[in-house]
Amino acid sequence: MSEPESNTPLPNRTTPTWEVELLISGVAVFAMLQLPGWLDGVLMALEPRVNGDWRMVVVMSYVYAKSAAVVLAATFVIHLMLRAMWIALVGMQSVYPEGIRFDKLNMGPIQSEVERERASTMEETVERADNRASVAFAVGVLIASTLAVICVVFCGGMALLNLVAAGLGWRINVMYLFAAIFAALFLPVLAAMLLDRQFGARLPADGVAHRAIRAVLRIGSRLGMGVSKSPILSILSSNGGQRQAMLLFNGAVVLAMATATSSLVGLQRPEWIGNYGLFPSSDALEVETDAYDDQRDPLKARAQPYIPGMVVRGPYLKLVVPYVPRRVEAPMRQCAVDSSATDEARAAALLVCLGRLHAVSLDGRPLADLRYEASNDPRTDRPALLAMIDVRELAPGRHELRIARPPYSDRRARKNRPDPGHDRIVFWR
């Protein structure tokens with residue numbers, strides 16, 4: 001077989017960045033596919049450690065970061081597919097330069113006429129495939145970078161305000177304060193944009209109103225609300241239609257955030273996903289595997305009391321009760337602790353108070369002599385209470401522990417179904 005004398009060159013209007021696009025997509029796609037799972041683990045590790053507004057920072061950082069990761073992963077996968085289609089079309093053009101030969105297809109004259117009217121030349125088909133890949137790459141990167149900027153601005157601003165409020169001793173809702181600051185910065189810019197659209201052409205250039213609107217719009221441009229700060233979106237809007245571009249952009253952002261939020265719900269309540277409507281579900285009946293250390297996943301299990309396993313064989317039963325700030329910080333502040341006492345005495349008083357909040361009953365009998373020790377969960381490195389329960393006199397068979405828990409301190413964290421006020425652990429002796 002003789003070698004071809006020359007290779008078929010790429011079309012003249014081929015996007016010059018196609019090689020870089022392929023390189024970035026090929027290298028990053030695997031990392032992006034791993035990133036959402038890593039973010040899940042980070043969230044489940046941090047979320048039980050924080051309370052109130054700090055929990056809002058953690059959760060919103062997760063939602064925005066995972067949304068950006070999902071968008072990037074989908075972008076690189078779609079881009080690789082579109083680029084593969086383009087490469088295939090370029091190859092087919094080199095093998096069959098005549099394109100589609102309608103006279104060789106098994107169809108009637110009318111269908112042949114219709115298909116000829118709709119068909120494009122191979123050059124046009126290849127160019128469209130090339131453009132689709134480049135636009136998909138640009139749109140995906142635009143959406144992901146926008147979500148990343150929102151994450152940094154919103155969550156970073158919330159974190160900064162939390163630090164300031166904690167340093168000054170303020171007892172305020174930081175979320176409302178941030179919303180007020182955000183509105184004060186951006187509402188005037190939005191108002192100036194609307195006034196410019198309606199009356200800008202009729203305002204004299206040397207007038208007060210013209211200068212005021214111009215000054216506000218300059219501030220808005222520096223804050224990132226100007227066209228120059230988003231050249232990709234501006235190019236798409238001006239060439240492909242502003243309404244279509246904004247619909248695509250906003251729709252992709254909403255879809256990505258809905259996906260991240262659904263993932264968060266699935267992590268916290270995995271039983272909600274699936275057709276389990278007829279399965280008997282009740283806190284009074286459910287045996288949660290997260291209550292047993294030999295079955296729970298420390299990265300994804302919620303912070304709840306647990307014992308080593310379902311079957312207890314030794315003379316003592318080890319009970320670990322994780323410290324959950326959202327539940328106990330509010331009632332703990334009401335504990336009567338002498339401010340002039342030593343650190344050891346204060347810690348002992350707080351431990352007694354915390355033990356009352358997590359009172360334990362065994363088979364319906366309160367364990368009044370139960371003593372908690374300050375410890376930690378070794379698999380998650382979070383503070384926890386430790387108690388050793390004497391089970392030497394327990395009869396063989398099924399037994400039930402109930403560990404009291406206070407309600408969540410913030411309304412946003414309450415579940416839809418009623419809180420029974422305790423955690424339940426079933427075990428066998």
Practice task
Provide the gained length on full extension for the span ALA212 to LEU247, in nm with one decimal, where the gain is 0.36 nm per separating residue minus the Cα-Cα distance.
Solution key: 9.5 nm
Exercise for the section: Kindly point out which whole DSSP H helices in the chain project their C-alpha atoms 24 angstrom or further along the helix axis while averaging a Kyte-Doolittle hydropathy of 1.6 or above. Expected result: 174-199
Exercise for the section: Return the loop-located chymotrypsin sites (Phe, Trp or Tyr not before Pro) in segment 84-173 (DSSP other than H, G, I, E, B) with at most 13 other Cβ atoms within 10 Å of their own Cβ; answer none if there are none. Expected result: TRP170
Practice task
Compute the length gained on full extension between ASP419 and PHE186: take 0.36 nm times their separation in residues and subtract their Cα-Cα distance, giving the result in nm to one decimal.
Solution key: 79.9 nm
Handout entry: Estimated FRET transfer efficiency when R0 is 45 angstrom, pair SER234-LEU386 (beta carbons, to 0.05)
Key = 0.15
Handout entry: 3J(HN,Hα) from dihedral phi, segment 363-374, Karplus parametrisation 6.51/-1.76/1.60, rounded to Hz, x for glycine, proline
Key = 6, x, 9, x, 8, 5, 8, 5, 10, 8, 10, 6
Problem - Lysine pairs with alpha-carbon atoms under 26 Å apart, the chain, spacing 8 or more or separate chains - result: 5
Exercise for the section: Give the relative contact order (percent, whole number) for segment 14-97; include only Cα pairs under 8 Å separated by 6+ residues. Expected result: 43 percent
Completion exercise
Counting sequence-distant residues (5 or more places) and residues on other chains, those with an amide H built under 5 Å from that of ALA384 are TYR323, SER375, ASN376, ASP377
Practice task
Mind listing the long-range amide H neighbours of ASP293? Cut-off is under 5 Å, sequence gap 5 or more, other chains count too, H placed in the peptide plane at 1.01 Å from N.
Solution key: ILE307, GLY309
Practice task
Would you mind telling me which residue in ARG392, ARG49, ARG326 has the biggest mean-square fluctuation in a Gaussian network model of the chain, where springs connect alpha carbons within a distance under 10 angstrom?
Solution key: ARG392
Completion exercise
Candidates ILE100, ILE403, ILE87; GNM for the chain (alpha-carbon contacts under 10 Å) flags as most fluctuating ILE100
Fill in the blank from the handout: Using alpha carbon centers only, segment 135-194 is separated from segment 356-412 by a whole-angstrom value of 41 Å
Handout entry: Computed [θ] at 222 nm, helices only, for the chain once each DSSP H run of length n ≥ 4 contributes -39500 (n - 2.57)
Key = -18500 deg cm²/dmol
Exercise for the section: Rounding to the nearest 20 debye, state how big the charge dipole of the chain is about its Cα centre with +1 on each Lys and Arg Cβ and -1 on each Asp and Glu Cβ. Expected result: 1520 debye
Fill in the blank from the handout: With Cα springs under 10 Å, the Gaussian network model of the chain assigns the largest mean-square fluctuation among ALA183, ALA359, ALA404 to ALA183
Fill in the blank from the handout: Stretched fully, the stretch from SER112 through GLU400 gains (0.36 nm per residue minus C-alpha distance, one decimal, in nm) 96.0 nm
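Values quoted throughout were computed directly from the atomic coordinates according to the rules given, and no laboratory measurement underlies them. Predicted model only: the values in this text are computed from it and were never measured. Please note: Cβ atoms are built from the backbone with ideal geometry, for glycine as well, and neighbour counts cover all protein chains shown.
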